[in-house]
1. Rounded, prolate or oblate, given the Cα gyration tensor of region 25-93, with a/c below 1.5 counting as rounded?
2. Determine which lysines satisfy two conditions relative to K65: a Cα distance under 16 Å, and not lying fewer than 8 residues away in the same chain.
3. For region 272-372, run through the GluC sites (Glu not before Pro) and keep only the ones in DSSP coil with at most 14 other Cβ atoms within 10 Å of their Cβ.
4. Just to be sure I understand: of the beta bridges DSSP finds with both ends in the chain, what percent are antiparallel, rounded to 5?
5. If amide hydrogens are placed 1.01 Å from N in the peptide plane, which non-local residues have theirs closer than 5 Å to the one on F347?
6. Straight-line reach from K289: which aspartates and glutamates fall under 17 Å, measuring Cα to Cα and dropping same-chain residues less than 8 apart?
7. Cross-link candidates for K30: which aspartates and glutamates have Cα within less than 16 Å, leaving aside residues fewer than 8 places away along the same chain?
8. Taking the highest mean first, how do the peptides 232-245, 53-66 order by number of other beta carbon atoms within 10 angstrom per residue?
Amino acid sequence: MKLFSTTALIASAVLATSAFADGHATLPLKELDGIADRNYWIPGEVNADGALEKLQEVVGSEAVKFSGTLDKPVQIALIYPSADTSDFWARNYLAMTKRLEELGIAFETTEFASRQIEHSLQATYASQVEQDADLYDYVIFGPSELEIQADNIDKLSGNDGFATYVWAFHTPLKDLTNQPDAWFDFSSAAGALTMCDYMLGRLGNDVTMAMNRGIPGITDNQRSGDFKACVEEKGNWTTAYEHYGEYQREGGFEGTSLILQAYPEATIIHNANTAMAMGSVEAQVSQGKEKEVFSTGWGGTGLELDAIRRGELDATPMRMGDDVGAATAEAIKADLEGRADELPMVFLGRITVAHDQMSAEEIDALEQEAFRFSGVGALER
């Protein structure tokens, strides 16, 4: 049941022939380094120039009311692993629904919850929603794992009864016959480069660092590998040691303890997630060296911000966590207004750097901005 406002009906017919309507046939829009070695595209290969930045600006600004009229509420199906402990999905949901309310778009949601490991249950949900296409206008799919759910993404995206949006991934697979209308995520690679620029600007060149890396794979390759490559190339930094802490607090503690003992020349410790950053800080505090080492985290969680406030953590790339949900609401508005061709194919939430040179008021303001819809502090489960 693809629902359009009266003002968007004619424009929507034109959009049916837009660049993304026939799947990946018109992609990529441009080719960047390494494209032949990947089975997916990166945002810069599929986004029209300026489209991402424009939507990021809209998402960070006050809502502008929907210009059309609706005969009935928009129907939204959400298929995602929201039964897991992570609050990523709940926050996205809250941000999307509250932004829709600000935009003046009436809506109703139907949720199909699973756990991250329940791949077959997600497949069942996808089939159910696809068969009941006349019930929905928009389907939001948060894959349990991208390649495992590729066929379901393809199937949903090929249904003309609704628009399909993917959450939590930003790497469109090349072999999909039907591409989703949009992807919404945060980019670890973009965060790594943002952090690189900040660290070089603050600490300069010819620095020795050590790293608490996560688990070998695409996420750590970006968070740690891209950061390392950037500071080594642009700032002539040296990496004394790399410890794989498996994204665990214990791994950060053990890695940092080893670094402090065996690699005293390393004045910076890069941590690839919150848990390892907290373990790293704990190890430094236990040895009274938290003032001697410049430590970073990842994500800008409440734990990291509290550690910065206490003077134990120095900097972290901070995600504006509610951007993904808010951007989805803006995409629905653009689609209803017949402006879907203005959207980026891949939306990336904003990432900035929170650091110890900020005042308490500045850190508080950053936290309020990041969780402006879903609320600061732990969500009630």
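1. Working: a/c = 2.05, a/b = 1.38, b/c = 1.48.
In terms of gyration-tensor shape, oblate.
2. K65 reaches K98, K333.
3. Numbers: sites: E282, E290, E292, E304, E312, E330, E337, E342, E361, E362, E367, E369; in loops: E290, E292, E312, E337.
Of the GluC sites (Glu not before Pro), the ones in loops of region 272-372 whose Cβ has at most 14 other Cβ atoms within 10 Å are E292.
4. Values: 6 of 42 bridges.
Here the antiparallel bridges make up roughly 15 percent for the chain.
5. Here W183, F184, D185 satisfy the definition.
6. Within reach: E254, E265, E312, D314, D356.
7. E45, D49
8. Values: 232-245: 16.6, 53-66: 15.0.
Ranked from most to least packed, the peptides come out as 232-245, 53-66.
Coordinate-derived values only; no laboratory data. If you're wondering where the values come from, they're calculated on a predicted model, not measured in any experiment. Cβ: placed from backbone, ideal geometry, glycine included. Neighbour counts: every protein chain shown.
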